[in-house]
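Student: Take this structure, written in structure tokens, and hold onto it; I'll ask about it next.
The values are calculated or read from the model by the stated rules, or taken from the named source; none is laboratory data. Just so you know, these numbers come straight off a predicted model, no measurement behind them. Every residue, glycine as well, gets a Cβ built from its backbone with ideal geometry; the counts of neighbours run over all protein chains shown.
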Ligand code: Q9C
Ligand code: ZN
């Protein structure tokens, strides 16, 4: 399988994440990509290709221009304001406040454009996010041109990023950007299957009222799991998009057989949806030893996941999302890719 990667994804190296009330070294690190790449190379799983730069137009097909401008300028403005640490939101237009005005100062804008305080903005964040979406665009362009599967080693991840919000380690929604490219290349309908441990709230929000992208997500029950405010089973789409969103919230520690049952159901729905292309938001934070997640997939289960994804029989692009057990991340990703090609 052709693998898309850019060294520029390492330009984001944040030092701080607000986690359990303390500032810790972020779980989402550039080493994740290094380790996956090393492992894929060692197994000779496919040629590794650097994507071209696709510019901002594909980003603006998904994200609001004011949000993109905010991301592009946030770090410089945060520094110019004299702040010592990394840019972390600490105030939001919460339910009892006004959400219809964008503040002028960077501290207020951070809260307006953030959906969680876990994700700092720092030097290189914007450039790495640009590289990450280029990796996704390179991968999907290859699949569109050849019908062959591809893997985009995206980082930072994308599925929590909404049309004008960042958080959960995500800035640009790589899967949504790739889906829009497929639609503009002439596909009538695309499916996005999100198997990351966390609900893909951003992807869901972007396509919630649309019938040209079918979105399915298998994830930790939001009543007890980040992102808490999205991902319940009764979220099925609105307007033209009614029935084009499918959520499979599962309890922490769920038996793998039940997770696989949800996978089979989601794949059946995707095949029925008339999708001509499958984009997989591939998080491997469903691994039994993931430090911030609560599912129980083993190394062998990732191989089975790859086989079942392939059984849908659709042209497929897999895009990296989460996965924080870094010692095992290469094995788990390689397991999916080799299962897919079996
Ligand atoms: N303090 C992805 O997997 N924090 N994002 C959870 C840990 C946010 C994960 C609680 C986790 C976001 C792409
Ligand atoms: Zn995740």
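Student: In the stretch 116-140, what residues are in a helix (DSSP H, G or I) and within 16 Å of ligand 2 (Cβ to nearest atom)?
Tutor: Answer for the stretch 116-140, where residues must be in a helix (DSSP H, G or I) and within 16 Å of ligand 2 (Cβ to nearest atom): just 132.
Student: Whether any residue in the stretch 60-70 is under 20 Å from the mean Cα position of the chain (by Cα), under 29 Å from residue 283 (Cβ atoms) and exposed (fewer than 11 other Cβ atoms within 10 Å of the Cβ) is what I want to check.
Tutor: So far as the stretch 60-70 goes, no, none of its residues is under 20 Å from the mean Cα position of the chain (by Cα), under 29 Å from residue 283 (Cβ atoms) and exposed (fewer than 11 other Cβ atoms within 10 Å of the Cβ).
Student: Considering only the stretch 93-119, state which residues are within 18 Å of residue 162 (Cβ to Cβ) and surrounded by 16 or more Cβ atoms within 10 Å (Cβ to Cβ).
Tutor: 109, 110, 111, 112, 113, 114, 115, 116, 117, 118, 119
Residues are listed down the side, and each one gets a yes or a no for (1) under 26 Å from residue 243 (Cα atoms); (2) surrounded by fewer than 17 Cβ atoms within 10 Å (Cβ to Cβ); (3) under 18 Å from the mean Cα position of the chain (by Cα); (4) more than 16 Å from ligand 2 (Cβ to nearest atom):
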residue: 272; (1), (2), (3), (4): yes, yes, no, yes
residue: 278; (1), (2), (3), (4): yes, no, yes, yes
residue: 282; (1), (2), (3), (4): yes, no, yes, no
residue: 287; (1), (2), (3), (4): no, no, yes, no
residue: 290; (1), (2), (3), (4): no, no, yes, no
residue: 304; (1), (2), (3), (4): no, no, no, yes
residue: 314; (1), (2), (3), (4): yes, no, no, yes
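Student: So which residues in the stretch 141-177 are more than 19 Å from residue 31 (Cα to Cα), outside any helix (DSSP H, G or I), away from ligand 2 (no atom under 16 Å from the Cβ) and in contact with a strand residue (DSSP E or B) (Cβ under 6 Å, 6 or more places away or on another chain), if there are any at all?
Tutor: 149, 150
Per-residue answers, yes or no, for (1) over 19 Å from the mean Cα position of the chain (by Cα); (2) within 16 Å of ligand 1 (Cβ to nearest atom); (3) over 29 Å from residue 50 (Cβ atoms):
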| position | (1), (2), (3) |
| --- | --- |
| 82 | yes, no, yes |
| 91 | yes, no, yes |
| 95 | yes, no, yes |
| 99 | yes, no, yes |
| 104 | yes, no, yes |
| 111 | yes, no, yes |
| 126 | no, no, no |
| 133 | no, yes, no |
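Student: Since residue 92 meets every condition but one in (1) under 26 Å from residue 135 (Cα atoms); (2) touching a helix residue (DSSP H, G or I) at 6+ places or on another chain (Cβ under 6 Å), which condition does it not meet?
Tutor: Going through (1) under 26 Å from residue 135 (Cα atoms); (2) touching a helix residue (DSSP H, G or I) at 6+ places or on another chain (Cβ under 6 Å) one by one, residue 92 breaks only (1).
Student: Taking into account only those residues within the stretch 178-197 that are within 16 Å of ligand 2 (Cβ to nearest atom) and farther than 27 Å from residue 90 by Cα, which is nearest to the chain's Cα centre (by Cα)?
Tutor: The residue in question is 194.
Student: When you check residue 186 against the structure, is it at pLDDT 95 or above, touching a strand residue (DSSP E or B) at 6+ places or on another chain (Cβ under 9 Å) and either within 17 Å of residue 53 (Cα to Cα) or assigned to a loop (DSSP other than H, G, I, E, B) (or both), yes or no?
Tutor: No; evaluated as a whole, the condition is false for this residue.
Student: Given the stretch 220-332, what strands (runs of 3 or more DSSP E) lie entirely inside it while holding 3 or more residues that are under 21 Å from residue 40 (Cα atoms) and modelled with pLDDT of 95 or more?
Tutor: Output list reads 277-282, 316-320.
Student: Of all residues in the stretch 1-33, which are free of Cβ contacts under 8 Å to residues at least 40 places away in the same chain and either within 19 Å of residue 160 (Cα to Cα) or crowded, with 18+ Cβ neighbours inside 10 Å (or both)?
Tutor: Result: no residue meets the conditions.
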